[in-house]
1. Provide the FRET efficiency to the nearest 0.05 for the residue 85-residue 194 pair, computing r from the beta carbons and using R0 = 25 Å.
2. Using only alpha-carbon positions, what ratio does the radius of gyration of region 326-485 give when scaled by 2.2 N^0.38 Å?
3. List the lysines whose alpha-carbon lies under 19 Å from that of residue 384, not counting same-chain residues fewer than 8 positions away?
4. Within region 351-487, what whole-number % of the accessible surface is contributed by carbon and sulfur, with the 1.4 Å probe and all protein chains included in the calculation?
5. What accessible area per residue, rounded to a whole number of Å², is obtained for region 329-397 using a probe radius of 1.4 Å?
6. Long-range amide H contacts for residue 488: which residues qualify at under 5 Å (H placed 1.01 Å from N, peptide plane, sequence gap of 5 or more or a different chain)?
7. Heavy-atom accessible area of residue 247 with all protein chains present, probe 1.4 Å, nearest 10 Å²?
8. Whole Å is fine, so just give me how far the alpha carbon centre of region 231-261 lies from that of region 430-479.
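The values are calculated or read from the model by the stated rules, or taken from the named source; none is laboratory data. What you see is a predicted model; the values in this text were computed from it and never measured. Counting neighbours? That spans all protein chains shown, and the Cβs are built from the backbone with ideal geometry, glycine included. To get the accessible areas, we keep the full protein, side chains included, count just its heavy atoms, and leave off ligands, DNA and RNA. Shrake-Rupley method; radii C 1.70, N 1.55, O 1.52, S 1.80 Å.
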Amino acid sequence: MHPLQCVLQTQRWGPLASVSWLLLRTCRAHSNVPSTACPSLERQQEDGVRKDFSSRLASGPTFQHFLRSASAPQEKPDMEDPPPYLTVDELLGRQRKVYLETYGCQMNVNDTEIAWSILQKSGYLRTRNLQEADVILLVTCSIREKAEQTIWNRLHQLKALKTKRLRSRVPLRIGILGCMAERLKEEILNREKMVDILAGPDAYRDLPRLLAVAESGQQAANVLLSLDETYADVMPVQTSPSATSAFVSIMRGCDNMCSYCIVPFTRGRERSRPVASILEEVRKLSEQVLQLIHERDNICKQIHLPAQSGSSRVLEAMRRGYSREAYVELIHHIRESIPGVSLSSDFIAGFCGETEDDHLQTVSLLREVQYNMGFLFAYSMRQKTRAYHRLKDDVPEEVKLRRLEELITVFREEATKANMASVGCTQLVLVEGHSKRSATDLCGRNDGNLKVIFPDVEMEDVNNSEVKVRAQPGDYVLVKITSTSSQTLKGHVLCRTTLKDSSAYC
């Protein structure tokens, strides 16, 4: 068997098998007994090798060792030492402007964000104006022939732009990134001489070097696939300011080898990102969401954060993945990030094994957090759930109902206290329609998603004070709050307004 085939096969066996194979090969390599030795000597040697191998394996790394090693993001320096033919200064972008175009799947969207994160740290600037770009990078797709043909057509368009480039400006550099660069490397460089750089999906860290080489007038390419590159330490930078969603990549490559698919050959072997780096990216996205809720008037300042219980012991039995202390810390962080935020939650009374002390801890959490809205229920066992198979529904029904009533009472007391802070204040309300309980009243929601009831009467319009209008569903109105309960606010309407104009009154 060819040595390379041996290595590839050990990678399929997994970490322990790889170590076993390497140790076994080491034992054999250090044996002084020739292969033509007599059978008895061979058996003795095999016994010695087996014992030596067993002792080495016992003292070697365990499976948990490999899991621990894979759990943390790989730390890589922001700026690696330059190759001998380049200086550190040549690797810097020097405020050259980069224009990025993304084609294909969501992985390419994520690749674009990774590539831009790397270039941004190297001193490049981003532009959305093709005419002012100094570097144009196309993040490409090879899943179908049509996807590749789209790129060939785009390159012909860009060729004219590069030809007409004024000599007084720095030369325009064009790069092909991603799957098409990996699949058609030589063809792209030979067929389209105007392409300056190629970077495969695992070579984005090399973009500053590739661009620096291209500055000398040479074509530069790196399409090497990696067995371990996940960009775990690179925080993607969203490239679209109007994006309404974000993707978090948890793995790269594919091992499935579907008979019709090119992905394993363009993106390489399957490997997962370390869990720690995934969680860190999600945390940062969450921080951005909190910041946006705080800054934007058109985003409701309300967050639903289900607690289910105030007891860490019960939360563990529920397999919620957090403790009471962690939950309360998150509540404090949200309120610091979004002053005046409205909070809602879910609670279950009488879960399996819940004691009276556990119940009282839930009561105390309700008092501590003081939710604006709540959804509280008595526990009912559901078939097929883990609790059905592993736990005992041992809280009597009458105890569940009594505890539920106590939770509801405490919730309403605390919600009323929280809502009382709104009395006397003028609030912006989005009209939803008539109140279900009164045909003469309208109902809407304030900035905290709380229900606001007010009379359906004629009012002024801030943009035309001479005209009297009646509020319609979808209108914004200003309402002065006069009374409150645990569930609703009541007040009288002042005028119809707009989201933009309301800031002068609220």
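1. Working from the Cβ atoms, E equals 0.60.
2. My calculation over the Cα atoms of region 326-485 gives 1.36.
3. 392
4. Taking all protein chains in place, region 351-487 shows 50 percent carbon and sulfur surface.
5. Here the per-residue accessible area is 55 Å².
6. For residue 488, whose amide H was placed from the backbone, there are no distant partners under 5 Å.
7. Rounded to the nearest 10, the figure is 90 Å².
8. Cα centroid of region 231-261 versus Cα centroid of region 430-479: 44 Å apart.
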